[in-house]
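Below is one structure, written out as C-alpha cells, with a few remarks after it.
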Amino acid sequence: MRIPCPCCGARGNEEFTYLGPAGLTRPAPDASEDAWHAYMHERENPAGMHRELWWHGQGCRAWIVVTRDVRTHRIEHAALARDPEAAR
Amino acid sequence: MTTVHGTAQPFRLAAGGLIDRTQLLSFTFDGRRLTGHAGDTLAAALLANGIHLVGRSFKLHRPRGVVSAGPEEPNALVELRTGARREPNTRATTAALFDGLAAASQNRWPSLRFDAMAVNGLFAPLFAAGFYYKTFMWPAAFWERVYEKLIRRAAGLGRAAEAPDPDHYEKAHLHCDVLIIGAGPAGLMAARAAARAGARTVLIEEDERLGGRALAEAMEIDGMPAARWVEAVEAELAAAPRCRILRRTAAYGLFDHGTVGAVERVADHLPEPPAHLPRQRAWRIVARRIVVAAGAIERPIVFAGNDRPGVMLAGAVRAYVHRYAVRPGRRAVVFTAGDDGWRTVSALAAADVDVVAVVDPRPDIPPALRAEAARAQAQVITGTVVGTVGRHRLAAVDWRDARGEVTRMQADLLAVSGGWNPSIHLACHLGARPRWDEAARGFLLDTPPAGVTLAGAAAGRGTLAAALADGLAAGVAAARDCGFSPVPADPPRAEDEPRDGIALFHVPGHGKAFVDLQNDVTADDIALAHREGYRSVEHLKRYTTLGMATDQGKTASVPGIAIMAELTGRGIEGTGTTTFRPPWTPVAIGALAGPHRGRDFRPTRRTPTHAWAAAHGASFVEVGPWLRAQWYTRRGETRWQETVAREVRAVREAVGVCDVSTLGKIEVVGPDAATFLDFVYANTISTLRAGRIRYGLMLREDGFVLDDGTVARLAEDRFFITTTTANAGRVMQHLEHAHQVLRPELDLAMLSVTDAWAQLSIAGPRSRELLAALLDPGTDIADGALPHMAATSGSVGGVPVRLYRLSFSGERAYEIGIPPDYGTALMERIMQVGERFGVTPYGTEALGVLRIEKGHPAGGELNGHTTAGDLGLARLVSTRKECIGGHMAKRPALADPDRPALVGLKPRDGRSDIRAGSHLLSPGAAETSDNGEGYVTSACVSPTLGHPIALALLRRGPARIGETVRVYDALRGGDTLAEVCAPVFVDPEGGRTRG
Ligand SMILES: [Zn+2]
C-alpha cells in the first residue's frame, strides 16, 4: 500500500506502523467501567470504510488518520491526527 | 570462448535463428562436455545436442524432458553451477547459456538414465492423491523418524548449496507514469505509445531479449520479419529520454496502489557477478498506470504417456526452430485442437523434420491448413493421441482416428497444442476473479484493478494484428490517464493468424496421463479426489497438490480444472480457478532479503566510546539495536565473573565509568510540557523544580508498566527524559501518540536526542572527587549545590556538558552529557584524571549486578506483565491526577494483593546458584504449574555480599519476607531452597547514594 502522508506525500506502508481505529474518545478518569471497557476493547470490524491510525515513524513521525476501504485498500482520505478536522 | 571442433550440436540448423554463431560456448551437463551459442538457453543448447532427457520427476522418478521454451516450464528443472553457487530447480528454458556453465539433472540416483528410485513408479498408488494424508497416518511418531526421511529421499527437488551464498543482492525503487509488463508485440506498442506521449515509461521483460512470441514465430510486421521490427522499436525506446527498459526482469507480484514487485536477474547469465554488480536486484516499481502485456501460455492436452521426453508444446517447438535454430527431432507428430498448432507443420518442415501426421479432433479443417499439411507430406488424422511409447525418449505415438482405430507410428517428437491461457495472474493478485470465456477458450479478466489494463494475448487478443492494435490502445490510454496527450497513430501492418479451435483438455485412455508434470498429478488423481469429495478447486489443489509445485501450475492448472469440471458436470465457469497469489514466478529469498543478511541484517548502533572500549579489552553484547561493552577484561583474568566482580568492587569502593549513551533521551519542550508529562507518567512531574530530577514510571493504557526512566527539569518549560535502552523507540511512539492523538491541544514539542549526547556515568564513593578534577572551574558540585537527583551544567576542556546527579548502582553517581563527537575524548580525560582515584571502566554486566544488588527493576522485571504494585512502586502512582493507565491499573485483577510481587532471594545454603527463569514453589509442593508461585526475574552472584542473590516475582511476596521457597529449574536441573528477603540487598537506607 501507499499511504498519502499529509506531510510527506505518498509513501510505502513499510514506513508506517498501524495502531487501530481512529476517533475513539478516551473516557474521563471517573467514567463508568463500561465506558472504559468499550474504549479499551470494543472494536468495529467493518467490511468497508474504516478510519484508522497510522504512525509515520520512518518519516515525519506524524500520527495520521487514514480512511481506507479495507476490502479494496482504496484510501479515501488521510489527515493529521492532531488536526481537529481529522477528528470529525 | 572455447574453440570446439568436430560434430558438435548435431541438431543445430545450418542457418537462421537469433543466436550468435560466432560465439561458441562450452558447458557441461551431468559432466558431459557440450557446446552451444550465445543467445541459447540451456534447454535450447541441450536440444541442439540431441539431449531430451533432462531430469526425473518429483515423486515417480519418471524420465522427463523439455516441455516449453519459457518460464512456464514444469519439467526441465536442473541444478546450475557448483559449490556455494549451486542453485537447484532452475528452469533450463530460462537459464541463459554461458561459457563454463556446469548443469546437472535432479532427482536421480545413481544416474539420470538408470534411476534406482524409478521403482517408485511401481509403488505409484502410494503416491496417489492425498497420500500425505492417508499413507503415513500411523503411528504418529513414525513421521519424523521414518516417513519424512523416506519421502524426502524419494520425492525431492534438487539440492540447495551448503555454503553461504557468496553473491550480493540489491533492492531498488523505481517510480514512473506507465509501467508495461511484458515486451511482446502488445507490450512494445504500449511502451512506444506511452514513451512517444512523453510519459515516464518503464518496460520490463523477463527474457533477455525483447519481442515475446514475435521471436518465436515466422511472422512479418510492417513488411519486415517480426524480429527486425522488434529491434527497431527497441532502438526507439532505448533512445527515448523518459523510457527505461529492464531486461531479465520478471514481475512476480502486483500490490496495492500501483506497486509491482519484480526481480532483475542482473548476473544470472554470467559465471559469477562482476565485483560491482549484484547477482539479482529486487525492484519495487510504483506506477500510476500499469499495462499487463504478459502474453499467454500454451495449454497442453492430457493424454496417456504425455510426459515422455520428446512431447513438447507446439509453440515451444516453433520457438526452438525459429529463435534458436534447433531441430527438435527427426520425425514429428503434431497434436492440436486448433488452427494455431498447424503453424508447427511448416516450421518443422522448414527445419528438415519429417512431419508424419497432424492429429486434430475437428472434422472440418480449413483448406489452407490442409494444403500446408499436404506440402509437408503429413497425414491429416481426425482424431486424438491416446498414448506414447518409449523409454528415455519418445519412440512412437498412438492415435485413434474418427473410426476408433488406433494406429501406432514411429516419432521422436510430439508437438501438442490445446490452446492458449491468457497470463492474467498478475492482474488477479489484488483479488479480481477471472471468468471462463468459451470463445477465447481461456480465463479472462474483465475487471482488472484500478489503474491496471490487460493488453494483447493476456487480454485474449493474442493474434498478431490484434495484439499490436490492443497494445497501442492500452499505451495511449495509460498515457492519457497520466495527463499526457498522445499523438494519434495507426498500428503497424500485420496479419491475424487463424485461431479457430475447440476446447480439448483431456483424452481418456489407459496409462498415466499427467496433468501436473512437476508434482506428478495425473488425471486419475483428480478422479480420485472427485470420488473422495474434494471437488472444490481449492480442495482439489490441496488434496492432489495440483498446481502447488514451483511452476504454480502455469500449464497444469486449467486442464486440471477442466477435468474436475467434466467429472462434476458443473462446467469450467462453475468450477472456477484457485486464487492467484504472488509470487507469479519463483523468487530467491536472497533477492528479497537484498543486502539485509548476516551482519547487515539491521544497522548496528555503536556507542560514542565503542572504539575506545574495543581498544581497552571490552567484550561487546547486543542490547536492543546497540552493541555495548559487556566487560573490560584485564590481563590475567581468565573468567568473565572475575572481571565483573572487579568492576563491581571498583564502583562500590572507588569509582567506575560506564557509557550509558544508549538510554533513550527525549527533550520535551513547551508551555504545556509539565501538564503533558503528568499525563504520560504515573507519578507527578509538574511539581518538580527546575534543576531537579525525578524517577518516572510510565504505564500502558491497560495499566501495566511500560517503561521507567528519569525526568530532569532543565527549565520551567524544558524537560530531558530518559527511557530504557530497549524501549526507546517504543516510548517515543507512545509519547507521540499521547500528544498528537490524545492531547493535541497541549502546546509542546518533542525531539529524540538519543544520538545527540554521549552520556557517561561516573559512579562510586570517589566520583565527586573525580568530577571536581574533571570539570573546568566555575561549577559548584558540592552536595549543597548539586544534591542527589539534581541537574546542572558545566564544561570540560571548554566543551559544554550537562551534569545529572543520579544513581543506578546505589553509589554516589553523576552522569555527564557531552556532544557525541567528544565522547571518546571525555572518556580518555576521565581515565586520565581519575587514575589517582582508581577509576575503572565497567560494562553492562557489572551495571546489571549493581542494580540487582540495589533492587532496581530492569528488563527482567519490566516485562509487560507487571504493574507498579508488582514492582513495589504502588506509592508512586498518583491518585490525584489523570494519567495514561491510571484507570485500568485499578482493575481488581491488577490490584489483587495475591499477585506475584517483587522480592529478593538468597540461597539458604549461601552458595547455590539461582538462575533467572526458575520457578518458585512452596517447599514440599509437587513440581506442577498449578503450584507455581512466581519466578526469578534477575540473578547474579553479588561480589559485595559474596553469595548468589536474585530478584523474583513471588505471590504475596512482600508479606513473606523470611519464608523459604523452593527455586526449581527443570530445564537446566536447578533445585534449591532460598530465603525470601527485601529486594534491596545493599544499603537499603540509601545513605551511600546521597553521600
Ligand atoms: Zn510523513
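The values are calculated or read from the model by the stated rules, or taken from the named source; none is laboratory data. As the structure is a computational prediction, the values presented were derived from the model and not from experiment. In this analysis, Cβ positions are derived from the backbone assuming ideal geometry, glycine residues included, and neighbour counts consider all displayed protein chains.
In table form, for the structure just shown:
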read-out	value
Scan of region B:521-541 for residues that are charged (D, E, K, R), within 32 Å of the chain's Cα centre (by Cα) and surrounded by 17 or more Cβ atoms within 10 Å (Cβ to Cβ), ordered by number	B:K541
Strands (runs of 3 or more DSSP E) enclosed by region B:359-457 - at least 1 residues per element that are more than 14 Å from every other protein chain (Cβ to nearest Cβ), among the hydrophobic types (A, V, I, L, M, F, W, C) and without any contact (Cβ under 8 Å) to a residue 24 or more places away in the chain	B:379-389, B:396-401, B:406-410, B:442-444
Leading residue by the ranking (nearest to the ligand (Cβ to nearest atom)) among those in region A:27-71 that are within 21 Å of B:L735 (Cα to Cα) and among the small types (G, A, S)	A:G59
Cβ-Cβ under 6 Å pairs, at least 6 apart or on other chains, region A:52-66 side polar (S, T, N, Q), far side near the ligand (Cβ under 9 Å from one of its atoms)	A:Q58/A:E15
Residue count, region A:25-36 (criterion: assigned to a loop (DSSP other than H, G, I, E, B) and within 9 Å of another protein chain (Cβ to nearest Cβ))	6
Candidate set: region A:12-24, residues that are within 14 Å of the ligand (Cβ to nearest atom) and at the interface with chain B (Cβ under 10 Å from one of its Cβ atoms); chosen: the one nearest to the chain's Cα centre (by Cα)	A:T17
Members of region B:580-622 that are without any contact (Cβ under 8 Å) to a residue 60 or more places away in the chain and of a type in the set (S, T, N, Q)	B:T604
Residues that are among the polar types (S, T, N, Q), in contact with a Ser or Thr (Cβ under 7 Å, 6 or more places away or on another chain) and closer than 26 Å to B:K512 by Cβ, drawn from region B:37-86	B:S68
Qualifying position, being in a strand (DSSP E or B), of a type in the set (G, A, S), closer than 30 Å to B:E701 by Cβ and touching a residue at least 24 places away in the same chain (Cβ under 8 Å), among B:A868, B:A901, B:A858	B:A901
Matching residues, region A:32-66, being among the small types (G, A, S) and either more than 29 Å from B:R880 (Cβ to Cβ) or at pLDDT 95 or above (or both)	A:A35, A:A38, A:A47, A:G48, A:G57, A:G59, A:A62
Filtered residue count, region A:30-88, keeping only those that are crowded, with 16+ Cβ neighbours inside 10 Å, among the charged types (D, E, K, R) and either under 27 Å from B:G258 (Cβ atoms) or in contact with a Lys or Arg (Cβ under 7 Å, 6 or more places away or on another chain) (or both)	4
Condition broken by A:G9, with the remaining ones in (1) surrounded by fewer than 15 Cβ atoms within 10 Å (Cβ to Cβ); (2) under 30 Å from B:T879 (Cβ atoms); (3) within 16 Å of the ligand (Cβ to nearest atom); (4) among the small types (G, A, S) satisfied	(2)
Criterion: touching an Asp or Glu at 6+ places or on another chain (Cβ under 7 Å) and either touching a residue at least 12 places away in the same chain (Cβ under 8 Å) or buried (at least 16 other Cβ atoms within 10 Å of the Cβ) (or both) - qualifying residue of B:L760, B:L770, B:L775	B:L760
Strands (runs of 3 or more DSSP E) completely within region B:176-294 that count 1 or more residues being surrounded by fewer than 22 Cβ atoms within 10 Å (Cβ to Cβ) and within 14 Å of another protein chain (Cβ to nearest Cβ)	B:249-255, B:259-264, B:280-292
Selection count, region A:37-67, where residues are more than 10 Å from chain B (Cβ to nearest Cβ) and not aromatic (F, W, Y)	17
Tabulated pairs, region B:96-115, first at pLDDT 95 or above and acidic (D, E), second surrounded by 22 or more Cβ atoms within 10 Å (Cβ to Cβ) and not in a loop (DSSP other than H, G, I, E, B), C-beta under 6 angstrom, 6+ apart or interchain	B:D99/B:L25
Subset tally (residues that are in contact with a Leu (Cβ under 8 Å, 6 or more places away or on another chain), surrounded by fewer than 20 Cβ atoms within 10 Å (Cβ to Cβ) and within 14 Å of chain A (Cβ to nearest Cβ)) for region B:689-733	3
Those residues of region B:395-406 which are out of contact with any strand residue (DSSP E or B) (no Cβ under 6 Å at 6 or more places or on another chain) and of a type outside the set (G, A, S), in sequence order	B:R403, B:E405
Subset of region B:908-947 [buried (at least 18 other Cβ atoms within 10 Å of the Cβ) and assigned to a loop (DSSP other than H, G, I, E, B)]	B:I914, B:S918, B:E933, B:P943, B:T944
Residue count for region A:72-88, restricted to those that are among the charged types (D, E, K, R) and away from the ligand (no atom under 16 Å from the Cβ)	4
Region A:68-88, subset of a type outside the set (V, I, T) and part of a loop (DSSP other than H, G, I, E, B), residue farthest from the other protein chains (Cβ to nearest Cβ)	A:R88
Region B:957-987, residues that are touching a helix residue (DSSP H, G or I) at 6+ places or on another chain (Cβ under 9 Å) and part of a loop (DSSP other than H, G, I, E, B)	B:A982, B:P983, B:V984, B:F985, B:V986, B:D987
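Per-residue answers, yes or no, for (1) touching a Pro at 6+ places or on another chain (Cβ under 7 Å); (2) not assigned by TED's automatic domain parsing to the domain that holds B:D969:
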position	(1), (2)
B:A858	no, yes
B:E861	no, yes
B:T867	no, yes
B:K890	no, yes
B:A901	yes, no
B:D909	no, no
B:D913	yes, no
B:L920	no, no
